[in-house]
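What follows is a set of notes on a single structure, which appears directly below.
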Amino acid sequence: MNYPLQALINMGAIPPVTFPTDSRYYGSGTLSYQPPGGQPITYLAQRFVPQPGGANYSTLATHTVKAGDRTDLLAATYLGDPLLFWVLCDANGAISPYELVETPGSTVTITMPQGVPGPSNA
């Protein structure tokens, strides 16, 4: 069967999906599944999160959680971009961003993974 969209992608007429450097999917590859007799399905490859505290991170600061803290605001303050909240989650082993700030007095390690550009004022 002929799939016009796939043909355009293969010819380079439609650029491949790329993610900005502040995305948790930056650098992620894609895989394709061909169901029997069906149209190919392209999907993101699994993203493996580096172990917290490992050599993949560079510590910039620590933050003591206060009531009302939010991970997007911490990312904006320390990393210069609220969309980098996922970096804080990865570096601290949190599945949910709310985990990092739910307990006042706990400590959040502010890090950047290797290869992800940080703020110019860091």
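The values are calculated or read from the model by the stated rules, or taken from the named source; none is laboratory data. In this text the structure is predicted, and so the values were computed from the model without any measurement. Positions of Cβ are backbone-derived with ideal geometry, glycine not excepted, and every protein chain shown enters the neighbour counts.
Tally up the residues in the stretch 39-77 that are aromatic (F, W, Y), in contact with a helix residue (DSSP H, G or I) (Cβ under 7 Å, 6 or more places away or on another chain) and modelled with pLDDT of 80 or more, please.
Here is the first cut: in the stretch 39-77, the residues aromatic (F, W, Y) are 43, 48, 57.
When the remaining residues are screened for being in contact with a helix residue (DSSP H, G or I) (Cβ under 7 Å, 6 or more places away or on another chain), the result is 57.
Adding the requirement that they be modelled with pLDDT of 80 or more leaves none.
So the count comes out to 0.
Quick one: would you say G115 is on the phi > 0 side of the Ramachandran plot, modelled with pLDDT under 75 and not basic (K, R)? Give the steps one after another, and end with the answer.
Working: on the phi > 0 side of the Ramachandran plot: yes; modelled with pLDDT under 75: yes; not basic (K, R): yes.
Yes; evaluated as a whole, the condition is true for this residue.
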